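The values are calculated or read from the model by the stated rules, or taken from the named source; none is laboratory data. All values reported here derive from a predicted model rather than from experimental measurement. With ideal geometry, Cβ positions are generated from the backbone for all residues, glycine too; neighbour counts draw on all protein chains shown. Note: accessible area is taken over every heavy atom of the protein model, side chains too, but ligands, DNA and RNA are not part of it. Shrake-Rupley method; radii C 1.70, N 1.55, O 1.52, S 1.80 Å.
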Amino acid sequence: MSYINKPKVAHPSLPTNALGLTRRQYEGAMSTLCAGCGHDSVTAAIVEACWGIDLKPEQLAKLSGIGCSSKTTAYFVAGAHGFNSVHGRMPSIASGAAAANRELTYIGISGDGDSLSIGFGQLAHAIRRNINMLYIIENNGVYGLTKGQFSASADIGTKAKKGEVNLTPPIDPVLLALSLGATFVARSFSGDKQQLVPLIQAGLKHNGFALIDVLSPCVTFNDHEGSTRSYTFTREHYHPVIEADFVPKASEITVDYQEGQALSVELHDGSQVILRKLDASYDPTDRSAAYHFIETKIKNHEYVTGLIHIDESSTTEFHTLNKTTKVPLNRLPFEKLSPGNAALQKLQARWR
Amino acid sequence: MPELARNADRTNDFAIKFANVNGTGSASANALIMKAIFRMGIPVAGKNYFPSNIQGLPTWYEVRVTRDGYAARSGRIDILVAMNAETYQRDVREVISGGYLIYDSTWPRSMLLQREDITVIGVPLAKMVNETFDGVRNRILLKNIAYAGVIAALIDVDLNVIDALLKESYAKKPKLLDSNTKALRLGYDYAKANLSCPLPLKVTHLDKTAGHIMIDGNTAAGLGCVYAGATVGAWYPITPSTSLMDAFKSFCERFRVDAETGERNYAVIQAEDELSAIGMVLGASWNGARAFTPTSGPGISLMNEFIGLAYYAEVPAVIFDVARVGPSTGMPTRTQQSDILMCAYASHGDTRHVVLFPANPEECFYMAVQAFDLAERLQTPVFVLSDLDIGMNDWMCKDLKWDDAYRPDRGKVLSAEELNKLDKFYRYVDRDEDAIPYRTLPGVNPKGAYFTRGSGHNQYGGYTEDSADYQFVLDRLTRKFTTATRYVPKPVTLGRGNCEVGIISLGSCDGAVREALDVLSRQKIDVDYLRVKAFPFTSEVEAFLRDHKLIFVVEQNRDAQLRSLLTIETAVEKSKLESILSYSGFPMSADPIVNGIRAKLAETPRLSVIK
Ligand SMILES: Cc1ncc(C[n+]2csc(CCOP(=O)(O)OP(=O)(O)O)c2C)c(N)n1
Ligand code: SF4
Ligand SMILES: [Mg+2]
């Protein structure tokens, strides 16, 4: 029962962020997911990430579709509005919300079923429209909430809990996002908080559509032998290509990185992501190289993780293209919107 | 038809139909004739019957010249301008006995045009135009203007009025003005020299169109959205709703772009489909913007799931359904009122929605504004259900007026200060006992945060699978629908009010019903009339049903959907309701109403309807 609130007694010694808020104040309702579900780890990383960038809770809008993964918007940042919509259609809710108020920070949480089957079209078009939001897919290769059917991200040869083997090729959200021109594409693993937190922070700050595909094992339906989304399999085939550090605008940059091995990318608000390359040949700003690299690795069953592609120079963000006024549309005074009777009388000459 | 005898004088009272091939530019010639008659102070009604095709198929345009100011299709054709050889055979059949047929006699007159009881007039249009103008495309276009000239002479349209119209249209294109004027004279002079002008069917100046405009419903609705302060529009193109968003966009370009910065005070999003379009509307409305989507039947079918979410999670939304002929793809360019039940009960589960039924473009403008007020006041989706006839045809309407004192009703939205004063905010608690809860907008105050969900929730907004908690919310929604009757527009009534027989109708049937009432009254049959303007039905509807012994329900669909809705939602005895249906795809005319009522009354002599 997700509306049961956790006791919010703040311990005096708990560390606070620049807003004077503790991590507890970024938590949400009690999770009702299975114990050990990867999705809960993602929730924890989101809490940490939002606290770390001093995000005002009410500045965040949390959107989701339907699925175990989509439930998680209830489990973080209780001070933010949440919208648990319908299966596969969160991108359109996010697009409309972002159109109405360009000042909020939007986070969308979805599952592999929600995003790659029923919601495939909406995801693709939200990427194409370059909606300013962070979109997280909690990818477990199955439909958790409807009890373990294969999803479109299940690898060929994956064995379901009941023994059935998947024969159809998977859809990879990272390749999808790269091919559609997303300007921020990352992959991580729910169990790797160290990698995930800075990625989420950078994704929240990115001006445009940021996708993070998070491998997030389903302990109930997809954590057995023969599954390629189990904890064991994921750990064994985990290939961090690039490590990200997030440096907020206000902080002094003192991260230790070696010239030639690292790249720092300034985000639109002045904060930075520092990318430490583990693979010397890898260039995350080159989209086609990134695509090729990921594709090759997938063939070897390797999940490349980290910030796979970033383009901060893009000018295709929705409001930029739309030339929307800086004041959020939902705050424009009525006088600015309704032309008045004199204008109406003048206009009607054309219909006489 | 007894009515014809009455109209021995046909001045300013007849119908012309133009039969054309689509994609040949005939629309501007037909509009020119209609506009000129309108400017002469004579009421007109224009109906466009076009194919779902871009070029090469038959298309018709009907201009009814109506000194009585009737809005409906006349149902008979007095003059037919047959410019499409392919449809000669059926066109010639349509002309009423004693009527006229005009055709292009450049080519030998086909036997197909033989009819003893009408006057066939040949004009060598193509020949004249080809001798005068160059260029294939140019000749095709100007031939249309030439036949407009012939018609102008035949029915005696004031040439000064036409000249003024051409000057306005081509103010910035002197070359076109020149060629169009020339083409018009070509036809006009030919007719004057060779035909007996004018015909008995002619126009003379009246003063009945002052204070009126000619406008289509989609343009009026799009304009209404601008005036209502809508800032987000999301849509997926579909006939016959597309021109609504086109209109909104062009008015926004005129009124909503900052002259200095070029920045826009609006966002129009062409979605990937209707599922996405309605999702965007919900996202934007949830976030506090006035948002809408225009569509037609197939779009509503797709939107159903989201509409249920909006109903249950109480998110405002304004949806325009410009109805066309179903089922399925049906006849996309023909009109029908067959989405009534779908809109009233859209989505799975127990859902009921507010639906407004505009009867003409003027009401499209005002109801667009009302729809936003209702959606935000009631926190629910509101449909504006018009149809192709209203949406795409030019109707004569009273000048639109705007009250500068109007301020939008944003409903119960708590501000940051109001939230600070609250102990705790609960989304779905009925504090005012009107079944409308308070809502908050994202980004305002963390105290206002709540979780919007389509899954079972209690009045505090929390997830629930508890029967009592679930039912508590669902029952409040029923009461909220009752509250809606306080806000929706009341029906329009006409007649003595105490007749035994009544008519109930809605939307674009209005013109035909009013005309039928006049005809019946001249035949000494007295009938009361009520036009519903909204669902849920208000008490006036219930009273009308109670107070009449026999009620004809007039609507444009096969299944008598309004009649069904009345039997479901009111206390009326089913047997009192008699259907008069029209579902041909053409706008309704008065005839089936008059005939239907006379036939039924002949069977029911005990009703005292005769004056
Ligand atoms: C229209 C519709 N069809 C089917 C369902 C049933 N359904 C609920 S969740 C779900 C799959 C969820 O899978 P995923 O997005 O991967 O989330 P997970 O539970 O695995 O986190 C399905 C098919 C639904 N809610 N709505
Ligand atoms: S079924 Fe799987 S995805 Fe759903 S909560 Fe349980 S572990 Fe998580
Ligand atoms: Mg899944």
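Assess whether residue B:229 counts as being open to solvent by 10 Å² or more (accessible area, probe 1.4 Å) and not assigned by TED's automatic domain parsing to the domain that holds residue B:453. No. All of B:363, B:314, B:305, B:376 fail the test of being touching a Lys or Arg at 6+ places or on another chain (Cβ under 6 Å) and either closer than 28 Å to residue A:100 by Cα or open to solvent by 10 Å² or more (accessible area, probe 1.4 Å) (or both), apart from B:376. Selection of the range A:124-154 for residues being away from ligand 3 (no atom under 14 Å from the Cβ) and within 23 Å of residue A:199 (Cβ to Cβ) yields A:124, A:126, A:127, A:128, A:129, A:130, A:131, A:132, A:133, A:134, A:135.
I'd like the full set of residues that are assigned to a loop (DSSP other than H, G, I, E, B) and charged (D, E, K, R), limited to the range A:182-225. Within the range A:182-225, A:192, A:223, A:225 meet the criteria.
Screening B:206, B:201 for residues that are open to solvent by less than 40 Å² (accessible area, probe 1.4 Å), outside the structural domain of residue B:18 (by TED's automatic domain parsing), in a loop (DSSP other than H, G, I, E, B) and of a type in the set (A, V, I, L, M, F, W, C) leaves exactly one candidate, B:201. Number of residues in the range A:143-161 that are more than 14 Å from ligand 2 (Cβ to nearest atom), in a loop (DSSP other than H, G, I, E, B) and either of a type in the set (Gly, Ala, Ser) or open to solvent by 50 Å² or more (accessible area, probe 1.4 Å) (or both) equals 3.
What residue, of B:153, B:171, is on the phi < 0 side of the Ramachandran plot, open to solvent by less than 60 Å² (accessible area, probe 1.4 Å) and of a type outside the set (Val, Ile, Thr)?
Numbers: B:171 fails: open to solvent by less than 60 Å² (accessible area, probe 1.4 Å).
Checking each option against the conditions leaves just B:153.
Filtering the range B:520-551 to residues that are open to solvent by less than 20 Å² (accessible area, probe 1.4 Å), among the aliphatic types (A, V, I, L, M) and more than 26 Å from residue B:386 (Cβ to Cβ) leaves B:520, B:525, B:550.
Across the range B:390-428, which residue is farthest from residue B:315 (Cα to Cα) among those that are among the hydrophobic types (A, V, I, L, M, F, W, C) and more than 14 Å from chain A (Cβ to nearest Cβ)?
Of everything passing the filter in the range B:390-428, B:392 is farthest from residue B:315 (Cα to Cα).
Regarding residue A:13, is this residue modelled with pLDDT under 95, farther than 25 Å from residue A:202 by Cβ and hydroxyl-bearing (Ser, Thr, Tyr)? Taking the combined requirement at face value, the residue satisfies it.
Each residue in the range A:277-288 was checked for being assigned to a helix (DSSP H, G or I) and either in contact with a His (Cβ under 9 Å, 6 or more places away or on another chain) or more than 21 Å from residue A:265 (Cα to Cα) (or both), and 1 pass.
Residue-by-condition table, conditions (1) aliphatic (A, V, I, L, M); (2) surrounded by fewer than 24 Cβ atoms within 10 Å (Cβ to Cβ); (3) within 14 Å of chain A (Cβ to nearest Cβ):
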| site | (1), (2), (3) |
| --- | --- |
| B:185 | no, yes, no |
| B:249 | no, yes, yes |
| B:254 | no, yes, yes |
| B:281 | yes, no, yes |
| B:287 | no, no, yes |
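Elements of the type strands (runs of 3 or more DSSP E) sitting completely within the range A:34-142 and holding at least 1 residues that are away from chain B (no Cβ under 11 Å), open to solvent by 10 Å² or more (accessible area, probe 1.4 Å) and within 14 Å of ligand 1 (Cβ to nearest atom): there are none.
Quick one: residue B:471 ticks every box in (1) open to solvent by 40 Å² or more (accessible area, probe 1.4 Å); (2) free of Cβ contacts under 8 Å to residues at least 40 places away in the same chain; (3) within 14 Å of chain A (Cβ to nearest Cβ) bar one, so which box is it? That leaves (3) as the condition not met.
Every condition in (1) crowded, with 17+ Cβ neighbours inside 10 Å; (2) within 18 Å of the chain's Cα centre (by Cα) is met by residue B:492 except one, and the failing one is (1).
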